[in-house]
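Step one of this worksheet: look at the structure below.
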2 protein chains.
Amino acid sequence: MYTPAIKFEEDTLQIIDQSLLPGKFKYISLSNLDDSITAIKELKVRGAPAIGIVAAYTMYLQAKQLIGKSSDIFIRELNIFSALLSEARPTAVNLAWAIKRIKLIYQKKSIESISNIVNQIKQEAIKIHEEDRIACEKMGENGLTVVPDPCTVLTHCNTGSLATGGWGTALGIIYAAKESGREVKVFVDETRPLGQGARLTFWELIQNNIPCTLITDSTAGSLMKSGKIDLVLFGADRIAENGDVANKIGSYSVAALAYLNKIPCYAVAPTSTFDLSIKTGKNIPIEKRSPQEILHIYGYNFNLPEVATVYNPAFDVTPGNYLTGIITEAGIINRPSKKTVAEIVIPFLKEKK
Amino acid sequence: MYTPAIKFEEDTLQIIDQSLLPGKFKYISLSNLDDSITAIKELKVRGAPAIGIVAAYTMYLQAKQLIGKSSDIFIRELNIFSALLSEARPTAVNLAWAIKRIKLIYQKKSIESISNIVNQIKQEAIKIHEEDRIACEKMGENGLTVVPDPCTVLTHCNTGSLATGGWGTALGIIYAAKESGREVKVFVDETRPLGQGARLTFWELIQNNIPCTLITDSTAGSLMKSGKIDLVLFGADRIAENGDVANKIGSYSVAALAYLNKIPCYAVAPTSTFDLSIKTGKNIPIEKRSPQEILHIYGYNFNLPEVATVYNPAFDVTPGNYLTGIITEAGIINRPSKKTVAEIVIPFLKEKK
């Protein structure tokens, strides 16, 4: 049903260059660390789960180049690569999470040969990818319980096959609803400044023949007020212990407006997006991006004077209590709080180990 | 202090072509009805008070060309021009309001010569312009009472000298605050899709050396939540009898988020923006604009298939009860409702007559 954002075949890592969509559909190869860091920073690949998967494969490709080196050099080099990759984007925890899984393999004191460890890294990267695909399916299944028939959904940013290793998080639920025969329509927030809604979600829904309507971010509120929206679904980049959700800038507004208009609103994310080491959303680092992302379409042909600045955070934080729930592959966390997050996430993670 | 959007000198009507800002600053002449309708439809001039003023001057320029015609032809032609001008944009009531004032002059049964009536139309147009300039000053004065010192204001769309016959409505209050020596900073909503905040308000504030920060529309909510905003001010295109305010798309969201975060939020508009013939915001016609306004920056190089549509309303309606007040030249309407609107607006309009 969906076009994979990430392909790993015959030791070759390829991604759809999402910065070219919708005008041009093209896979590009990522051959080394620099390629991947550039692709992540320039949002050629984005979406919390997707960048985690790319990071894992990239660690493998780099590790492979170190076969023949001593164990010390192998570990030292990979530690440097890990640090550089982790810094590519600060907010989505899946990036650090995936790298940590790879670290657990190469850092273990072992009598195994480097080439054996490299092979284990490869298997782990494939596993991270495959687990995400399955988690997406499971989120779709779990999410179906909150989708009425017919249903008009509002969504923000892109959370589909372009953002994950499967068919998506929030968008996965919409695909699941369609597969189950439900009548589903989607209002797509443009998602300024980079238009992941307009460029990616709208494009994905068109590819999948799902009725969709593009709106400016500012239109979402008045649609909710006028009763046109049954359900709000968006993704997450990092979820704190108490259920606070960092996600694409504007998600807080969407959730708050849904709350005010008594419309069910869910964040949808795999357990890999939870960062239980962080108590509340206040501690989540928020990436600030370039003024040019906002300005470049407006013809500012002069340098801004000192009185004028641009504030361009890529994410905001939605307090858990504004959400009806968080839909994960482990189940739905209703009324997110420290207690309800722990009840769903901790047993699942323990069982997985 | 401010650059006038509209100049009328020696029978020549000129406007700043706002569609070229900020890249190019240029006055263009509007010589006839077609020029003005195009300028209004293409937002070369916009802002509810400004388009009313342009309409009034345009009626004069057209009337002047009818000197020498019979009274019947004169009235019939001007009625046609009135209808065409009124239809240029449907939401802002100031357009119809200004045309109605001109109509009251040329439609009166009179023994006066056509050239006398034409001169009266000219005087009325100048009066509409001058009254708006004075109303802007008075709104600034009235609005000062709600501006703390220091103050960080959030604003949406453009409500300054580009939008009015004076220094502006919401932005006028900011100019008044600066003139009174208060320390004022402004967060400027980009205001998609046409970027009146990014292109016009940001530019105006830079011209006037007022500290300003451009944000995407989606960033406003999280700024409010994090306590960075002291006051929200925006304009209005039409205000119903019960205090419901039609304004640029996104104003509802801004007001609702201010309400939720307990931040004072005011619409600022002259009494000419009130349409007491309309009971509630539900009856205000909302202009829908072209999909291309949203799509054109995203490289859709294919025609959209049938499943995909774009919904691009130019305005939304904020229920009066989400507003702390409406600031007019007649005073501040606190907690807008049918009763409080009537208390301020009706005596003022009666006295003016």
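The values are calculated or read from the model by the stated rules, or taken from the named source; none is laboratory data. As the structure is a prediction and not an experimental result, all values here were calculated from the model. A quick note on method: Cβ atoms are made from the backbone with ideal geometry, for glycine too, and the neighbour counts reach across all protein chains shown.
Yes/no per residue for (1) under 28 Å from B:M224 (Cα atoms); (2) not small (G, A, S):
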position	(1), (2)
B:N247	yes, yes
B:Y259	yes, yes
B:S272	no, no
B:E287	no, yes
B:P319	yes, yes
B:G331	yes, no
Please verify whether the range A:125-132 includes one or more residues that are in contact with a Pro (Cβ under 7 Å, 6 or more places away or on another chain) and of a type outside the set (V, I, T). yes
I'm told B:G181 meets every condition in (1) on the phi > 0 side of the Ramachandran plot; (2) at the interface with chain A (Cβ under 8 Å from one of its Cβ atoms) except one. Can you identify the failing condition by its number? (2)
Suppose we filter the range A:290-315 for residues that are under 18 Å from A:E87 (Cβ atoms) and either among the β-branched types (V, I, T) or touching a residue at least 40 places away in the same chain (Cβ under 8 Å) (or both); how many remain? 3
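Got at least one residue in the range B:66-74 being charged (D, E, K, R) and under 28 Å from B:F315 (Cα atoms)? Spell out how you get there, then give the answer.
Of all residues in the range B:66-74, those charged (D, E, K, R) come to B:69, B:72.
With the extra rule that they be under 28 Å from B:F315 (Cα atoms), the set shrinks to none.
No, because not a single residue in the range B:66-74 is charged (D, E, K, R) and under 28 Å from B:F315 (Cα atoms).
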Residue ranges of helices (runs of 4 or more DSSP H) in the range A:63-155 with at least 3 members over 25 Å from A:S277 (Cα atoms): A:71-86, A:114-143
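Can you pull out every residue in the range B:220-235 that is under 24 Å from the mean Cα position of the chain (by Cα) and more than 9 Å from chain A (Cβ to nearest Cβ)?
Kept after step one, since they are under 24 Å from the mean Cα position of the chain (by Cα), are these residues of the range B:220-235: B:220-221, B:229-235.
B:I229, B:D230, B:L231, B:V232, B:L233, B:F234, B:G235 - these are the residues of the range B:220-235 that are under 24 Å from the mean Cα position of the chain (by Cα) and more than 9 Å from chain A (Cβ to nearest Cβ).
Kindly indicate which of A:N303, A:N247 is within 14 Å of chain B (Cβ to nearest Cβ), over 19 Å from A:P90 (Cβ atoms) and of a type outside the set (S, T, Y).
Working: A:N247 fails: over 19 Å from A:P90 (Cβ atoms).
After ruling out the rest, the residue left standing is A:N303.
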Give the residue that is farthest from the chain's Cα centre (by Cα), with candidates limited to residues of the range B:67-85 that are closer than 28 Å to B:R289 by Cβ and buried (at least 17 other Cβ atoms within 10 Å of the Cβ). B:F81
Considering only the range A:121-158, state which residues are more than 28 Å from A:P211 (Cβ to Cβ) and either surrounded by 19 or more Cβ atoms within 10 Å (Cβ to Cβ) or of a type in the set (S, T, Y) (or both). A:I121, A:K122, A:E124, A:A125, A:I128, A:H129, A:E131
Using the structure shown, decide if B:T201 is hydroxyl-bearing (S, T, Y) and out of contact with any Lys or Arg (no Cβ under 8 Å at 6 or more places or on another chain). yes
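Restricting to the range A:156-173, count the residues that are part of a helix (DSSP H, G or I) and in contact with a Leu (Cβ under 7 Å, 6 or more places away or on another chain). Before you say what the answer is, go through the steps one by one.
From the range A:156-173, those part of a helix (DSSP H, G or I) are A:170-173; that's our starting set.
From what's left, in contact with a Leu (Cβ under 7 Å, 6 or more places away or on another chain): A:170, A:173.
Total meeting the criteria: 2.
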Residues B:R199, B:R192: which one is within 16 Å of B:A50 (Cβ to Cβ) and either at the interface with chain A (Cβ under 8 Å from one of its Cβ atoms) or modelled with pLDDT under 95 (or both)? B:R199
If you take the residues of the range B:206-219 that are part of a helix (DSSP H, G or I) and within 7 Å of another protein chain (Cβ to nearest Cβ), which of them is surrounded by the fewest Cβ atoms within 10 Å (Cβ to Cβ)? B:I206
Could you please let me know if B:V118 is farther than 17 Å from B:I327 by Cα and in contact with a Cys (Cβ under 9 Å, 6 or more places away or on another chain)? no
Working carefully through the options B:G227, B:G235, find the one that is buried (at least 24 other Cβ atoms within 10 Å of the Cβ) and at pLDDT 95 or above. B:G235
Looking at the range B:62-81, which of the residues that are out of contact with any Phe, Trp or Tyr (no Cβ under 9 Å at 6 or more places or on another chain) and free of Cβ contacts under 8 Å to residues at least 40 places away in the same chain is nearest to B:L13 (Cα to Cα)? B:Q65
Which numbered condition in (1) touching a helix residue (DSSP H, G or I) at 6+ places or on another chain (Cβ under 9 Å); (2) at the interface with chain A (Cβ under 8 Å from one of its Cβ atoms) is the only one that B:V254 fails? (2)
Given (1) under 16 Å from B:K338 (Cβ atoms); (2) more than 8 Å from every other protein chain (Cβ to nearest Cβ), B:V317 misses just (2)
